[in-house]
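Below is one structure, written out as structure tokens; comments come after it.
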Amino acid sequence: MTIQFDKDTLKDVHVTNVVERLIDEEFPTVMKKFPDACCCSQCLSDIKALALNGLKPRYVSTDRGDLFERVHISDMMVKVEALRAMTEAVEKVSRNPRHALD
Ligand SMILES: [Zn+2]
């Protein structure tokens, strides 16, 4: 059977950036190193966006979730780079938060 491409086709097409998942996972660890950093959703969104912009994305189709574990475990460089990008992003956002400091 051949499925025709129509307006609903992309509804069930899901891809995930494993680097983004890695960042979400490491977020608490990174923020613990910066006890004075603001953890409001605005700052955390800025930190995440900054970090992701500095990293090469790695997309996988999500029906193959095991790929995440493989990237996660085998490619330590991905993790090292993600942690570095997050650390830089926290420092940058902390110096220039997009809201007044109290
Ligand atoms: Zn904030």
Grab the other residues whose beta carbon is less than 13 angstrom from that of Val93, score K and R as +1, D and E as -1, and report the net.
-> 0
Using only alpha carbon pairs under 8 Å that are at least six residues apart, calculate the relative contact order of the chain and give it in whole percent.
-> 41
Cβ-based charge dipole, the chain, positive-most Cα from Tyr59, Thr29, His99 | His99
Give me the accessible area of Glu91, 1.4 Å probe, in Å² rounded to the nearest 10.
-> 80
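Using a simple charge model, +1 on the beta-carbon of Lys and Arg, -1 on the beta-carbon of Asp and Glu, nothing else, what dipole does the range 16-95 show about its Cα centre, in debye to the nearest 20?
On the way: 12 positive and 13 negative charges, 34 e Å.
Roughly 160 debye for the range 16-95.
The values are calculated or read from the model by the stated rules, or taken from the named source; none is laboratory data. These figures come from a predicted structure and were not determined experimentally. Counting neighbours? That spans all protein chains shown, and the Cβs are built from the backbone with ideal geometry, glycine included. Protein only, heavy atoms only, side chains kept; ligands, DNA and RNA dropped before computing areas. Shrake-Rupley method; radii C 1.70, N 1.55, O 1.52, S 1.80 Å.
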